[in-house]
Amino acid sequence: MKFRLDPKNLGQILSQLRQKSGLSQAKISKLCDVNSPQYISNIERGQCLPSLKILKTMLSEYNVSHEDKIKLVDLFIESAQTELRDIFKLDVNLGHKMKAVHHEQDNVTTISAANYATAVGNYTF
C-alpha cells in the first residue's frame with residue numbers, strides 16, 4: 001500500500017483503509033468495542049488518536065500487511081509525540097537530556113529522559 005506518511009494524515013489513512021475493507025464506521029466501532037461510531041469519525045478526521053488497542057484492532061480488521069502495520073505504528077508514535085509537544089508546548093527532542101529545575105535552595109538537577117520517566121512513572125505498551 002502506498003500512502004503519504006505524515007502525522008497529520010493518520011486519520012485519513014485509517015479512513016481509506018476502512019473504506020477499502022468495506023467496513024462502516026458503525027461496524028468498526030463495534031469490532032473495536034467502542035460505544036459510538038462518532039469516536040471512529042473523530043479519529044478519521046484527525047480530531048484524536050486511537051488508543052493502541054483500537055489501532056491494533058483496526059489494522060487487523062483492515063487486513064493491513066505486516067510491513068504497513070510497522071509503518072502505521074511508527075506514524076502513530078510520531079503523531080502522539082507531536083500531539084504531546086503541542087499539549088505541553090514542548091520544543092525538545094525526547095532522546096536528549098532534560099533539565100529539571102528544583103527551586104528549593106537554588107538546586108538545579110539534570111536528569112536523563114529515562115530517569116525522568118522512572119521518576120514520574122513509565123508507560124508500557
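Bear in mind these aren't lab numbers, they're just calculated from the coordinates by the rules spelled out. From a predicted model like this one, the values you see are computed outputs, not experimental measurements. Counting neighbours? That spans all protein chains shown, and the Cβs are built from the backbone with ideal geometry, glycine included.
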With point charges of +1 on the Cβ of Lys and Arg and -1 on the Cβ of Asp and Glu, referenced to the Cα centre of the range 7-88, which listed residue (F76, L31, L55) lies farthest in the positive direction of the dipole? L31
Run the simple label-point estimate for V73 and L52 please: 7 Å along Cα→C-beta, distance reported in nm. 0.9 nm
Convert each backbone phi in the range 35-52 into a coupling constant with the Karplus relation 6.51 cos²θ - 1.76 cosθ + 1.60 (shift: θ = phi - 60°), then list the ³J(HN,Hα) values in order as whole Hz, x for Gly and Pro. 5, 9, x, 4, 5, 5, 4, 4, 4, 5, 8, x, 6, 7, 9, x, 5, 4
Treat every Asp and Glu Cβ in the range 16-70 as -1 and every Lys and Arg Cβ as +1, leave all other atoms uncharged, and give the resulting dipole magnitude about the Cα centre to the nearest 20 debye. 100 debye
Counting pairs of alpha carbon atoms under 8 Å apart in space and at least six apart in sequence, what relative contact order in percent does the range 7-88 give? 39 percent
